[in-house]
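Worksheet for the structure shown next.
The values are calculated or read from the model by the stated rules, or taken from the named source; none is laboratory data. Worth saying up front: this structure is predicted, and the values here are computed from it rather than measured. Virtual Cβ from ideal backbone geometry, glycine too; neighbours counted across all protein chains shown.
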Amino acid sequence: MITQFTINLNKGEDTAEREVRWRKRREVITMTVLILAVIVVGYMNYIQNQVSQQIISTKMKTKADISRQLDSLKKTGKNISKEDVLALAKLEKERVLWSKKFLSLGELLPEEMAITYLEFKNNTLLMRFITTIKKDEKEFDKVKGLIDILRASPLFFRDFADMRLKEQHQTDIEEQTILSFSVLASIERGTEGREKRSRGGNLAKSMGGGN
């Protein structure tokens, strides 16, 4: 008895061909992705390089323009007249250094006294203070003492022509007397104001002005 076996070789060939075909397809897809990635990276580098070149070009152009303007100013020059020098000297003489004045004001105030308000309007500085009053002290002496201190300070009183009391109020809080008062200091203008300040003034008269 003869037994026959039938083997289908075509089936094995089809599987091998499919594997080869899928492997080639994967290689093609991989290469395509790599090429696209290289193209995208290259394009981004190109754009970044263009932007950098544009920035550098703009800066170089700005630098060249500044250099030309400087050269033009050097060649042209400008004659400074006597009036310009006098005007600059006058400006330097009359300007008020407020920052230095306020720093010195903080250093000049007694420990029990504080400034609560500052206002500069119409060439006049308004200052409001608050302080405690002891039983053996008088309001007038307290205010007069502060004005004397401010007048005696060359750094603070410089540029002021006049300083006077504006108003004052006294309040008793739990057996403690609190005094609040305002002082006006007028800015001097020109030589006349400086001469007026150098001559001084009657302090009692300034203390009695304008409630």
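Scan segment 109-121 for residues that are surrounded by fewer than 14 Cβ atoms within 10 Å (Cβ to Cβ) and over 26 Å from the mean Cα position of the chain (by Cα) and report the count.
Result for segment 109-121: 4.
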Test: residue in segment 31-42 that is within 27 Å of Ser180 (Cα to Cα), surrounded by 10 or more Cβ atoms within 10 Å (Cβ to Cβ), polar (S, T, N, Q) and at pLDDT 85 or above: no
Residue check, Ser72 polar (S, T, N, Q), loosely packed, with under 10 Cβ neighbours inside 10 Å, at pLDDT 70 or above and assigned to a helix (DSSP H, G or I): yes
Flag for Thr177 being modelled with pLDDT of 90 or more and polar (S, T, N, Q): no
Where a residue in segment 163-177 is in the same structural domain as Lys138 (by TED's automatic domain parsing) and its partner, wherever it lies, is at pLDDT 90 or above and aromatic (Phe, Trp, Tyr), with Cβ under 8 Å and at least six apart: Leu165/Phe181; Lys166/Phe181; Glu167/Phe181; Gln168/Phe181; His169/Phe181
